[in-house]
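**Student:** Take this structure, written in structure tokens, and hold onto it; I'll ask about it next.
The values are calculated or read from the model by the stated rules, or taken from the named source; none is laboratory data. This structure is a prediction, so every number in the text was calculated from the model and none was measured. Glycine gets a Cβ as well: all are built from the backbone with ideal geometry, and neighbour counts include every protein chain shown. In case anyone asks, the SASA skips ligands and DNA or RNA and just uses the protein heavy atoms, side chains included. Shrake-Rupley method; radii C 1.70, N 1.55, O 1.52, S 1.80 Å.
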Amino acid sequence: MTEQAPAPFTGEKRVLSGVQPTGDLHLGNYLGALVKFQRLQHEIPTFIFVADYHAITEWQDPAKLKAQVREIAAAYLATGLDPKVATIFAQSAVPEHAELAWVLNCVARLGWLDRMTQFKDKAGKHKERASVGLYTYPVLQAADILVYKATHVPVGEDQRQHLELTRDIAQKFNHDFDRPGFFPLPEALTQGPGARIMSLRDGTAKMSKSDPSDYARINLTDDPDAIAQKVRKARTDAEPLPETMEGLEGRAEAKNLVTIYAALAGQTEAQVLAEFAGHGFGAFKPKLADLAVSVMGPIGAEMRRLLADPAEIDRILTAGAERARALAQPTMREVKSIVGFWAG
Ligand code: TYM
């Protein structure tokens, strides 16, 4: 939105992402985000946090919030993040996120935030009753990323607009304070068929933690029977599967199940159709159920095992926060000095 050409960032590559502790994690979170975290950790230094500051933009029961944070941490571990390799922590344990967010609130423009579709979706018709935090939420997200000078952000498709805003904010900061390349312009990693998983009840709505119907999603904690039952009950149509993806136009639910199969199997959608073209859902669903149980079943079991020992999860989060702060603090010191703060 500023006109300056992006200046090169010469720092190291770094991966950063987070999940809000606001409900049960589901297949969409897994395929859109978590599955990428565990792959990337072996390639690039990886920082993965639980976004509890973000969670309270909508009211959360204080008695439950801490347990929900542990649950997300357990999901990270159960899906293969290794705390010896990746840094895993809670956002609220690193106050530099909030400190940088204030500075970035003064860089971001109201017009930019007015365009954020997620705020419009979440605030609904009564936006004057939404919290101020819900409105400035994407600026906090920019701070989460930029406080580590992260270059790569694995997320689902729904976060793409927030990443574009992050780039605009980084670029404007660099420009306004005449520090070309101080903040990187981070890249959203949304590749792969799992970037946008839809509800099992309505192929036009995103699979979401807040969907009132539990049959709309497969939760990471669902047991094998529940997973298989949800696949069986997923909405479909009576047509057989076509040979190409174009043949699925206008069949949102059918397309979603093919996408889920591809993402779970690590295949392309074309490969799935090459195998199942001509078959109806009576044949396809049992295969999908078996696949989903084989991938998701062990994750749920591992989460339950980890959650039986919350002290161990807390130990991992504490150690992670220390590592994260060691990186966030120097950035914040630099920012304060750049801005000209008395304490900078
Ligand atoms: P959250 O908690 O809504 O979702 C966590 C991750 O899951 C992805 N996701 C999906 N992917 C595919 N299909 C779906 N149906 C689906 N639903 C959710 C999301 O894209 C996300 O990657 N604002 C973020 C949390 C956040 C963050 C950050 C992420 C806060 N600060 C900094 C990256 C970097 C959120 O609410 O995600």
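**Student:** Residues Lys230, Lys287: which one is in contact with an Asp or Glu (Cβ under 8 Å, 6 or more places away or on another chain), of a type in the set (Lys, Arg) and not assigned by TED's automatic domain parsing to the domain that holds Lys36?
**Tutor:** None of the other options fit; the residue is Lys230.
**Student:** Would you call Ala33 aliphatic (A, V, I, L, M) and over 18 Å from Thr190 (Cβ atoms)? Walk me through how you get there before you give the answer.
**Tutor:** Values: aliphatic (A, V, I, L, M): yes; over 18 Å from Thr190 (Cβ atoms): no.
Considered against the rule, which asks whether it is aliphatic (A, V, I, L, M) and over 18 Å from Thr190 (Cβ atoms), Ala33 comes out as no.
**Student:** So in the stretch 150-188, with the set limited to residues that are of a type in the set (Lys, Arg) and away from the ligand (no atom under 13 Å from the Cβ), which one is least open to solvent (accessible area, probe 1.4 Å)? Working first, answer last.
**Tutor:** First, the residues of the stretch 150-188 that are of a type in the set (Lys, Arg): 160, 167, 172, 179.
From the residues that got through so far, the ones that are away from the ligand (no atom under 13 Å from the Cβ) too are 172, 179.
Numbers: Lys172: 30, Arg179: 96 Å².
Filtering first and then ranking leaves Lys172.
**Student:** Within the stretch 116-149, restricting attention to residues that are part of a loop (DSSP other than H, G, I, E, B) and among the basic types (Lys, Arg), which residue is farthest from the ligand (Cβ to nearest atom)? I'd like the intermediate steps shown before the answer.
**Tutor:** Narrowing the stretch 116-149 to residues part of a loop (DSSP other than H, G, I, E, B): 116, 124-126, 130-131, 147-149.
From the residues that got through so far, the ones that are among the basic types (Lys, Arg) too are 125, 149.
Details: Lys125: 21, Lys149: 13 Å.
Here the residue is Lys125.
**Student:** Taking Gly344 as the residue in question, decide whether it is closer than 26 Å to Leu25 by Cα, outside the structural domain of Phe47 (by TED's automatic domain parsing) and not hydrophobic (A, V, I, L, M, F, W, C).
**Tutor:** On the way: closer than 26 Å to Leu25 by Cα: no; outside the structural domain of Phe47 (by TED's automatic domain parsing): yes; not hydrophobic (A, V, I, L, M, F, W, C): yes.
In short, no.
**Student:** If you don't mind, another one. Filter the stretch 23-38 for residues that are over 15 Å from Ala265 (Cα atoms) and either among the basic types (Lys, Arg) or in contact with a Pro (Cβ under 8 Å, 6 or more places away or on another chain) (or both) and give the result.
**Tutor:** Residues satisfying the conditions are Ala33, Phe37.
**Student:** Quick one: would you say Gln141 is under 20 Å from the mean Cα position of the chain (by Cα) and open to solvent by 30 Å² or more (accessible area, probe 1.4 Å)? I'd like the intermediate steps shown before the answer.
**Tutor:** Numbers: under 20 Å from the mean Cα position of the chain (by Cα): yes; open to solvent by 30 Å² or more (accessible area, probe 1.4 Å): no.
Judged against the criteria, Gln141 is not a match.
**Student:** Sort out for me the helices (runs of 4 or more DSSP H) sitting completely within the stretch 189-306 that have 2 or more residues that are away from the ligand (no atom under 15 Å from the Cβ), basic (Lys, Arg) and open to solvent by 20 Å² or more (accessible area, probe 1.4 Å).
**Tutor:** Details: elements: 224-233, 252-265, 269-276.
Filter on the stretch 189-306 gives 224-233.
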